[in-house]
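*Asks:* Sharing a structure here in structure tokens format.
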Amino acid sequence: MSEIVIRPDEITSLAAEGGKLLFKREASENLAKLLRLQKLVEEAVNGAKEAIIEAGVALDPGFSGVHGDEVSATYRFFGDKFKNADTDIAMPFLKKVEFYKVDSKKVEEYLEEVGELPAGIVPKGRTKSLVFRLKGNDEASENDS
């Protein structure tokens with residue numbers, strides 16, 4: 001196995017210099033280095049996940065995870081267990097879920113006309129993200145700013 005050397009001070013420096021993207025041309029190079037490093041780490045973590053799953057399932061087909069001193073790994077399903085393929089036939093096993101969603105376009109039109117939000121409508125806190133994309137690479141990396 002090859003040796004991995006992590007220099008936190010260099011990573012911190014790359015991040016600080018990358019933050020100057022608006023002002024310095026070489027900042028783009030620093031951000032690209034960070035994004036490549038992020039991709040390598042993500043690939044390594046995904047490889048470790050696959051190896052743990054393979055070894056765990058080989059030992060126990062009901063494998064549900066492993067717990068170490070510093071890391072806990074849980075192997076479980078996410079999402080719905082079943083889906084509806086035919087509403088008419090499956091009706092006895094379905095439940096009606098009803099909800100209302102704000103029509104943003106109508107609210108924005110009202111806001112523009114009246115100058116305030118309609119009664120019963122409040123602004124929703126939203127987070128803006130900065131998305132990095134290495135040129136020549138379709139994969140994006142989201143980072144909050």
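Derivation of every value follows stated rules applied to the coordinates shown; laboratory data play no part. Just so it is clear, the structure is predicted and the values come from calculations on it, not from any experiment. No Cβ is skipped: glycine too gets one built from the backbone with ideal geometry, and neighbour counts run over all protein chains shown.
*Asks:* Considering only residues of the range 29-45 that are touching a residue at least 12 places away in the same chain (Cβ under 8 Å) and either assigned to a loop (DSSP other than H, G, I, E, B) or aliphatic (A, V, I, L, M) (or both), which is farthest from LEU130 (Cα to Cα)?
*Replies:* Here is the first cut: in the range 29-45, the ones touching a residue at least 12 places away in the same chain (Cβ under 8 Å) are 30-39.
From the residues that got through so far, the ones that are either assigned to a loop (DSSP other than H, G, I, E, B) or aliphatic (A, V, I, L, M) (or both) too are 31-32, 34-35, 37.
Details: LEU31: 13, ALA32: 14, LEU34: 15, LEU35: 13, LEU37: 18 Å.
Here the answer is LEU37.
*Asks:* Name every residue in the range 109-130 that is assigned to a loop (DSSP other than H, G, I, E, B) and either surrounded by fewer than 10 Cβ atoms within 10 Å (Cβ to Cβ) or of a type in the set (Ser, Thr, Tyr) (or both), in order of residue number.
*Replies:* Of everything in the range 109-130, those that are assigned to a loop (DSSP other than H, G, I, E, B) and either surrounded by fewer than 10 Cβ atoms within 10 Å (Cβ to Cβ) or of a type in the set (Ser, Thr, Tyr) (or both) turn out to be GLY115, GLU116, ALA119, GLY120, VAL122, PRO123, LYS124, GLY125, ARG126, THR127, LYS128.
*Asks:* Go through the range 89-108 and give me each residue that's surrounded by 10 or more Cβ atoms within 10 Å (Cβ to Cβ) and under 27 Å from the mean Cα position of the chain (by Cα).
*Replies:* Listed by number, the residues that qualify are VAL102, ASP103, SER104.
*Asks:* Go through the range 73-127 and count every residue that is of a type in the set (Asp, Glu) and closer than 30 Å to GLY62 by Cα. Don't jump to the end; show me each part of the working.
*Replies:* Initial filter on the range 73-127 (of a type in the set (Asp, Glu)): 80, 86, 88, 98, 103, 108-109, 112-113, 116.
The next check asks that each one be closer than 30 Å to GLY62 by Cα; those that pass are 80.
So the count comes out to 1.
*Asks:* Just checking, does the range 111-121 include any residue being among the charged types (D, E, K, R), in contact with a helix residue (DSSP H, G or I) (Cβ under 9 Å, 6 or more places away or on another chain) and more than 30 Å from THR12 (Cβ to Cβ)?
*Replies:* Just the residues of the range 111-121 that are among the charged types (D, E, K, R), to begin with: 112-113, 116.
Filter once more, keeping what is in contact with a helix residue (DSSP H, G or I) (Cβ under 9 Å, 6 or more places away or on another chain): 116.
Restricting the remaining residues to those that are more than 30 Å from THR12 (Cβ to Cβ) gives 116.
Yes, some residue in the range 111-121 is among the charged types (D, E, K, R), in contact with a helix residue (DSSP H, G or I) (Cβ under 9 Å, 6 or more places away or on another chain) and more than 30 Å from THR12 (Cβ to Cβ).
*Asks:* Identify all residues within the range 46-96 that are part of a loop (DSSP other than H, G, I, E, B) and touching a strand residue (DSSP E or B) at 6+ places or on another chain (Cβ under 8 Å); write none if there are none.
*Replies:* In the first step, residues of the range 46-96 are kept if they are part of a loop (DSSP other than H, G, I, E, B); the result is 60-64, 68-71, 75-86, 94-96.
Hits for the range 46-96 are SER64, TYR75, ARG76.
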